Amino acid sequence: ANFMARKLKIDNGGKVWAPYSPGITVKDHIWLAGQIGIEGGDDIISQTSEALKKIDNLLEIANSSRDDLVMVTILLTDIGNYSDVNEVYGKWLGESMPPARAAYEVSKLPGNALIEIICEAFRDSGNN
């Protein structure tokens with residue numbers, strides 16, 4: 001079997017709250033599990049920043065980066081936080097082409113987080 005075609009786990013050794021992998025990669029396709037940032041603080045800005053830091057870390061382990069993101073899904077416990085999240089997220093993206101995105105308000109998130117961010121990327125797709 002082609003080694004690159006097999007499912008590989010992306011793991012930074014961080015705390016996992018349930019039976020899941022922090023990330024999976026098959027060939028150049030990367031899926032990251034939802035990342036929360038409760039370690040960052042109690043407010044939406046610090047939790048968003050912390051979740052994005054975890055995403056950077058997992059993408060780096062997968063030999064990728066935010067430049068390769070193709071789809072991002074954001075779950076918020078309060079859609080009223082949408083503009084604050086957009087501000088932090090926009091700065092984080094910087095010069096990267098913004099990926100497709102969806103955002104939803106949900107009633108609750110693990111760990112009473114305010115935000116969870118789910119990502120999908122294709123390795124080397126963002127190298128212009």
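A few notes on this one:
- Cα long-axis angle, helix 44-61 against the chain (0 to 90 degrees, to the nearest 10): 10
- The chain, Cα convex hull volume normalised per residue, Å³: 103
Every number here is computed from the coordinates shown, using simple stated rules; none is lab data. For clarity, every value in this text was computed on a predicted model and none was experimentally measured.
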